[in-house]
Amino acid sequence: LHLRRQRGQQHGGQRCGICRDGQEKPSDYSVEAAKDIAEKYEEKFANEDSDKKKKGRLETADGTKPNVIGIMNEAFSDLSVINEFSTNEDYMPFIHSLTENTIKGYLSMPVFGAGTSNSEFEFLSGDSISFLPTGCNVYQSYVKDSIPSLVSTLGSLGYSKTAFHPYYGDGWNRRNVYPLLGFDNYISIEDFVDQDILDTYKQNNDVTQYETLLKERYPDRDMLLRRFVSDSYDYSMVENMFENRDTSKPFFLFNVTMQNHGGYAMSYTNFTQEIYVTNMSTVYPKANRYLSLVKRSDDAFRELTEYFSQVTEPTIICMFGDHLPSIEDEFYEELFGTSLDNLTTEQQQLRYMTPFVIWANYDIPEATLNQISANYLSTLVLQTAKLPLTQYNKYLASLYQKLPIINTVGYVDSDNNYYTHSESSKYDDLLYQYHCLVYNSLIDRNNRDSSVFFLNQNQ
């Protein structure tokens, strides 16, 4: 089933081959088989609906169309998921305290330390990159034509569709990929900072000069934290976009932040370190700077929710981290109590877990979900918003009941059993079926079954 297996090795009684795009094609794959899988799970989804409600899952469509804001926060994580440690003060007090009208927990991501766009792809598409070659980048290698996504689903429901990233617009091939995902607008740093300032910074790589030029040109804006646009300024732009939206449509924005991007070795005059680890065997400067950045992200998210608490239109905000940071290996090893080379599968999974929060400015059932991977999150957002689901979303909602985590490390079942992709298990057939649907959506584009991945326009 998986590229991490030897080519041609048997899996669940089936053999696999490599497709022309470098992606492994499921054996006995056909468009009809993919459609049959989705239809079977659509019926299964309906039968399981009552169970999902009992477990904190949410109902589906009732016609309400709240505004939807998705935020993938760069390198945002809660390192205590690995093991508890002490700091001089809580580095995430607001998110830790959130309970009302909130679904939150830990999200299993497909990458560690880098590879941001693979995380956003899983969120937006519902596809797992675990079926693709190790180390590949989906945006650069696989998105060549229009693909179904959360964006296309919300577009079918009449939403506006804007992507926003306060850094260079051509990063990870986003200028080409975002229209293929369904976005109508893409706002990058080139849209709000004059090109001559950006060119000077690229040429000289002088952060002090960069900040001086920004303050001279934009004296009423406080943009930077270290050398990146801060979450606070980023969210002020989100608020401005909302205030200037097309009010004839429900509002959808997907925002990829930049504040917490590595590296963490340098100190900056515009960044005060607030957080210190207090119970480790040695001082880890990168970890301390990183945790101080997380505190600033937490502050900014509090400000954003305070703003939308005053908005009368129903609005849902989904915020999650894309991966853990690349800080000192020794810090991670002290948390784990062992070398990174000796981690168990369960410990490896902890290196891929980031916080997520779904918050609403109106009543939604509260829940804590500590077993969910990024490929399921957009389906959960649609369920939370009580919006229609595609057949693929219904399939993912049902698959989640059996395998709540599927990522590049392996998968975890609902009984909390951990598996790697190199071992066979009783879930081989489930993974094979998921692989067929991912292949039909992403690779076999000319033969994609649109009825599976797109909403009926009448919904």
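The values are calculated or read from the model by the stated rules, or taken from the named source; none is laboratory data. The shown structure was predicted, so the numbers you read here are calculated from the model rather than taken from an experiment. Cβ: placed from backbone, ideal geometry, glycine included. Neighbour counts: every protein chain shown. Quick note on the areas: whole protein, heavy atoms, side chains included, nothing else; ligands and nucleic acids left out. Shrake-Rupley method; radii C 1.70, N 1.55, O 1.52, S 1.80 Å.
If the condition is being under 17 Å from residue 139 (Cα atoms) and of a type in the set (Asp, Glu), then the stretch 428-446 contributes only 444.
Residues are listed down the side, and each one gets a yes or a no for (1) assigned to a helix (DSSP H, G or I); (2) out of contact with any helix residue (DSSP H, G or I) (no Cβ under 9 Å at 6 or more places or on another chain); (3) closer than 15 Å to residue 95 by Cα:
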{"position": "291", "(1), (2), (3)": "yes, no, yes"}
{"position": "298", "(1), (2), (3)": "yes, no, yes"}
{"position": "302", "(1), (2), (3)": "yes, no, yes"}
{"position": "326", "(1), (2), (3)": "no, no, no"}
{"position": "335", "(1), (2), (3)": "yes, no, no"}
{"position": "341", "(1), (2), (3)": "yes, yes, no"}
{"position": "364", "(1), (2), (3)": "no, no, no"}
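What tally of residues in the stretch 428-459 results from selecting those that are open to solvent by 10 Å² or more (accessible area, probe 1.4 Å), under 22 Å from residue 133 (Cβ atoms) and in contact with a Lys or Arg (Cβ under 7 Å, 6 or more places away or on another chain)? So the count comes out to 2. Among the conditions (1) more than 21 Å from the chain's Cα centre (by Cα); (2) in contact (Cβ under 8 Å) with a residue 60 or more places away in the chain, residue 392 misses just one, which is (1).
Taking residues in the stretch 20-44 that are at pLDDT below 75, and partners anywhere that are open to solvent by less than 30 Å² (accessible area, probe 1.4 Å) and hydroxyl-bearing (Ser, Thr, Tyr), the pairs with Cβ atoms closer than 6 Å and at least 6 places apart or on different chains are 44/398. Beta carbons closer than 7 Å, at least 6 apart along the sequence or on distinct chains, pair a first residue in the stretch 149-171 that is part of a loop (DSSP other than H, G, I, E, B) with a second that is of a type in the set (Asp, Glu) and open to solvent by less than 10 Å² (accessible area, probe 1.4 Å) for 166/234. Filtering 181, 132, 213, 124 for residues that are surrounded by 18 or more Cβ atoms within 10 Å (Cβ to Cβ), in contact with a Ser or Thr (Cβ under 9 Å, 6 or more places away or on another chain), farther than 27 Å from residue 441 by Cβ and touching a residue at least 12 places away in the same chain (Cβ under 8 Å) leaves a single hit, 213.
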